[in-house]
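**Student:** I have a structure I would like to understand better, so I am pasting it below and will then ask my questions one at a time.
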Amino acid sequence: MKNHTHAVSTDRANWTVLLILLLLTTLSVLAIKLQVGAFTVALALLLASVKVTIVLTYFMHLKFEQTILRVMVGGVFLLFAIVIGITFIDYLFR
Amino acid sequence: MSTNPHAHENLIDSDTGKMGMWLFLFTELFLFGGLFLVYAVMRTKYAADFHHAALELNAFVGATNTVALLFSSMTVAMSLTAIQQQKSGKAIGLIFITLLLAGVFMVNKYFEWGHKFSLHLYPGSDVMKTLPHGEIVFFGLYFMMTGLHAVHVLIGGILLTLVMFKIGSGKIRHDHFLMHENSALYWHLVDLIWIFIFPLLYLIT
């Protein structure tokens, strides 16, 4: 059985997370302004996904949560990815 | 890292309450997810129109709002730490900063939308009717996504204001903070959605 006491993240850890998020934001702005080739859109979405994962893990405390909650969150994002995938399969090969 | 020895007293209440909040957040993700899906399909269909219409948006305003929301996400996370460490004053101060940042976001949004309206770029306007179909779709999605998001910012702001008063009156304490925790989760969701809206609408042209 997992320990259900609430873990508390320190202010220092929160500042570190914020700095990383700001850094990733700067990176995505630069990548788009400099137009780094054909993969610009993919890169912007990848950076956004990394940022979202960081917010979920640290700010939303999924790191400290029960496994079931982490599985549920992962499942929902997987479901959304499948919905997008199936829509595009339908759209592109109709 | 410290642990709260009193947490077990509210074990069932807190864990189920939090799971309920997450389930609600999932429905929110699919609400916005539907719009992202429409955006993806329409962008594929009207690539040139989307490119042209996206140039109208001000990336600087979008970036400023991104920074404001990321900062506010941190301050609200810190306030949750503070309440668990029995620092009520600090928790209230941090929520107040969060609300100020939400204010910065909304004022920015007001000027941004105001500028679009002054250019007659709003759904149903005479100027809009003359635009190519893809651009009309882009602006429709722009107003729908940023508008729905702004409604969430307002709701989150109201929730956090309530939390601030409840901490002040002692109803939210170090051993009883489910509403604080769930409101913080809601606020982070507002941030999450914006993390995707920003590159899709403002950056990619």
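**Student:** Regarding the stretch B:163-176, can at least one residue be identified that is exposed (fewer than 15 other Cβ atoms within 10 Å of the Cβ), of a type in the set (A, V, I, L, M, F, W, C) and modelled with pLDDT of 95 or more?
**Tutor:** yes
**Student:** Report, by residue number, each residue of the stretch A:77-94 that is at the interface with another protein chain (Cβ under 7 Å from one of its Cβ atoms) and loosely packed, with under 14 Cβ neighbours inside 10 Å.
**Tutor:** The one that is at the interface with another protein chain (Cβ under 7 Å from one of its Cβ atoms) and loosely packed, with under 14 Cβ neighbours inside 10 Å: A:Tyr91.
**Student:** Scan the stretch A:72-83 and tell me whether some residue there is in contact with a Ser or Thr (Cβ under 8 Å, 6 or more places away or on another chain) and assigned to a helix (DSSP H, G or I). Even if it seems obvious, please write down each step before you answer.
**Tutor:** Keep residues of the stretch A:72-83 that are in contact with a Ser or Thr (Cβ under 8 Å, 6 or more places away or on another chain), which gives none.
Looking for residues that are in contact with a Ser or Thr (Cβ under 8 Å, 6 or more places away or on another chain) and assigned to a helix (DSSP H, G or I), one finds none in the stretch A:72-83, hence no.
**Student:** Does B:Ile167 count as under 17 Å from B:Leu29 (Cβ atoms) and assigned to a helix (DSSP H, G or I)?
**Tutor:** Numbers: under 17 Å from B:Leu29 (Cβ atoms): no; assigned to a helix (DSSP H, G or I): yes.
Answer is no for this residue.
**Student:** Based on this model, can you work out whether B:Lys129 counts as at pLDDT below 95, more than 24 Å from the chain's Cα centre (by Cα) and over 23 Å from B:Ala54 (Cα atoms)? Let's see the steps before the verdict.
**Tutor:** Numbers: at pLDDT below 95: yes; more than 24 Å from the chain's Cα centre (by Cα): yes; over 23 Å from B:Ala54 (Cα atoms): no.
Answer is no for this residue.
**Student:** Check whether at least one residue in the stretch B:98-110 is in contact with a Lys or Arg (Cβ under 9 Å, 6 or more places away or on another chain) and either part of a helix (DSSP H, G or I) or more than 30 Å from A:Phe64 (Cα to Cα) (or both), and report yes or no.
**Tutor:** Of the residues in the stretch B:98-110, the ones in contact with a Lys or Arg (Cβ under 9 Å, 6 or more places away or on another chain) are none.
No, that holds for no residue.
**Student:** Just one of A:Val55, A:Val76 is more than 25 Å from B:Ser79 (Cα to Cα) and modelled with pLDDT of 85 or more; which is it? Outline the logic, then answer.
**Tutor:** On the way: A:Val55 fails: more than 25 Å from B:Ser79 (Cα to Cα).
Matching residue, one of A:Val55, A:Val76: A:Val76.
**Student:** Right, next: Going by the conditions given, is B:Met42 within 11 Å of chain A (Cβ to nearest Cβ), within 18 Å of the chain's Cα centre (by Cα) and either open to solvent by less than 60 Å² (accessible area, probe 1.4 Å) or at pLDDT below 90 (or both)? Steps first, please.
**Tutor:** Details: within 11 Å of chain A (Cβ to nearest Cβ): yes; within 18 Å of the chain's Cα centre (by Cα): no; either open to solvent by less than 60 Å² (accessible area, probe 1.4 Å) or at pLDDT below 90 (or both): yes.
So B:Met42 does not fit the description; no.
**Student:** Within the stretch B:188-196, can one find any residue that is assigned to a helix (DSSP H, G or I), touching an Asp or Glu at 6+ places or on another chain (Cβ under 8 Å) and open to solvent by 10 Å² or more (accessible area, probe 1.4 Å)?
**Tutor:** no
**Student:** Could you count how many residues in the stretch B:1-25 are under 30 Å from A:Arg12 (Cβ atoms), more than 7 Å from chain A (Cβ to nearest Cβ) and modelled with pLDDT of 85 or more?
**Tutor:** Qualifying residue count for the region: 4.
**Student:** Same structure, new question: Which of the residues that make up the stretch A:10-30 are open to solvent by 60 Å² or more (accessible area, probe 1.4 Å) and either among the small types (Gly, Ala, Ser) or within 25 Å of B:Val61 (Cβ to Cβ) (or both)?
**Tutor:** A:Leu19, A:Ile20, A:Leu23, A:Thr26, A:Leu27, A:Leu30, listed by residue number.
**Student:** Read through the list (1) within 11 Å of another protein chain (Cβ to nearest Cβ); (2) farther than 18 Å from B:Met144 by Cα, then give the number of the only condition that B:Gly93 fails.
**Tutor:** (1)
**Student:** Of everything in the stretch B:76-118, what is of a type in the set (Ser, Thr, Tyr), surrounded by fewer than 24 Cβ atoms within 10 Å (Cβ to Cβ) and under 19 Å from A:Met60 (Cβ atoms)? Give them in sequence order.
**Tutor:** Taking the stretch B:76-118 as the starting set, the residues that turn out to be of a type in the set (Ser, Thr, Tyr) are B:79, B:81, B:88, B:98, B:110, B:118.
Going one step further and asking which of them are surrounded by fewer than 24 Cβ atoms within 10 Å (Cβ to Cβ), we end up with B:81, B:88, B:110, B:118.
Within the stretch B:76-118, B:Thr81 is the sole residue that qualifies.
**Student:** While we're here: Can you go through A:Lys63, A:Lys33 and tell me which one is open to solvent by 80 Å² or more (accessible area, probe 1.4 Å), charged (D, E, K, R) and within 29 Å of B:Ala54 (Cα to Cα)?
**Tutor:** Sole residue among the options that is open to solvent by 80 Å² or more (accessible area, probe 1.4 Å), charged (D, E, K, R) and within 29 Å of B:Ala54 (Cα to Cα): A:Lys33.
**Student:** Now for a different question. Considering each residue of the stretch A:62-76, count those that are in contact (Cβ under 8 Å) with a residue 60 or more places away in the chain and more than 9 Å from chain B (Cβ to nearest Cβ), and give that number. Let's see the steps before the verdict.
**Tutor:** Let us first name the residues in the stretch A:62-76 that are in contact (Cβ under 8 Å) with a residue 60 or more places away in the chain, namely A:66-67.
Still in the running and more than 9 Å from chain B (Cβ to nearest Cβ): A:67.
Selection size over the stretch A:62-76: 1.
**Student:** Starting from the stretch B:83-107, keep only residues that are more than 21 Å from A:Thr10 (Cα to Cα), then list their pairs with residues that are open to solvent by 80 Å² or more (accessible area, probe 1.4 Å) whose Cβ atoms are within a distance under 9 Å, requiring at least 6 positions of separation or different chains.
**Tutor:** B:Ala102/B:Leu154; B:Met106/B:Leu154
**Student:** Separate question: Taking the conditions exactly as written (part of a helix (DSSP H, G or I), of a type in the set (Asp, Glu) and modelled with pLDDT of 95 or more), does B:Glu28 satisfy them or not?
**Tutor:** Working: part of a helix (DSSP H, G or I): yes; of a type in the set (Asp, Glu): yes; modelled with pLDDT of 95 or more: yes.
It is true that B:Glu28 is part of a helix (DSSP H, G or I), of a type in the set (Asp, Glu) and modelled with pLDDT of 95 or more.
The values are calculated or read from the model by the stated rules, or taken from the named source; none is laboratory data. Computed from a predicted model, the values in this text were never measured in an experiment. Quick reminder, even Gly has a Cβ in these numbers, built from the backbone with ideal geometry, and neighbours come from all protein chains shown. Areas reflect the complete protein model, heavy atoms only, side chains present, ligands, DNA and RNA absent. Shrake-Rupley method; radii C 1.70, N 1.55, O 1.52, S 1.80 Å.
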